[in-house]
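For reference, the structure is listed below as structure tokens.
The values are calculated or read from the model by the stated rules, or taken from the named source; none is laboratory data. Just so we're clear, the structure is a prediction, and the values are computed from it rather than from any experiment. Here the Cβ positions follow ideal geometry from the backbone for every residue, glycine too, while neighbour counts run over all protein chains shown. Heavy atoms of the whole protein, side chains included, go into the accessibility calculation; ligands, DNA and RNA do not. Shrake-Rupley method; radii C 1.70, N 1.55, O 1.52, S 1.80 Å.
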Amino acid sequence: MANHEKELAERDMALENAKQQIRSLETRLDSANAQHLKEKEEWGLSLQNVEETWRIRCEAMKAENEATTAQDIQKESEELKELRKRYKKLKEEHASFHDLADRIIEEKDNEISRLLDDNKNLRQSLQSRSQV
């Protein structure tokens, strides 16, 4: 009976030690869970902050891009107007040059015709002198 009580006491002690270890493990597990939840919340907040930061940067870049695009369009519009003015001026110069060239060609044609007539008259004159 004493042996049996001794075994029961040892088992009770072992059981109490096991319970103590279980409580210790439960405490550590609860602490680890709490730490994990805390870190998870911190990571969530950090992720939200990063997302917000990048969203703001993205919007800023879009706005900058739109502004730059508007400026580029304005600049290209001004360049297009300038090119149209230059085209119109060159077209007028071309027309003027074309008219001048036509007049010169006409004058040269008239001069050639006159010289041919003079040449013809001189030949006739030479022929008539040689016959005389």
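Points worth noting:
- Qualifying position, being modelled with pLDDT of 95 or more and open to solvent by 100 Å² or more (accessible area, probe 1.4 Å), among 76, 111, 41: 41
- Inter-residue pairs, beta-carbon under 9 Å, first polar (S, T, N, Q) and in segment 102-118, second open to solvent by 90 Å² or more (accessible area, probe 1.4 Å) and modelled with pLDDT under 95, 6+ apart: none
- Scanning segment 50-64 for residues that are open to solvent by 100 Å² or more (accessible area, probe 1.4 Å) and not hydrophobic (A, V, I, L, M, F, W, C) gives 51, 55, 57, 62, 64.
- Residue 100 being assigned to a helix (DSSP H, G or I) and open to solvent by 80 Å² or more (accessible area, probe 1.4 Å): no
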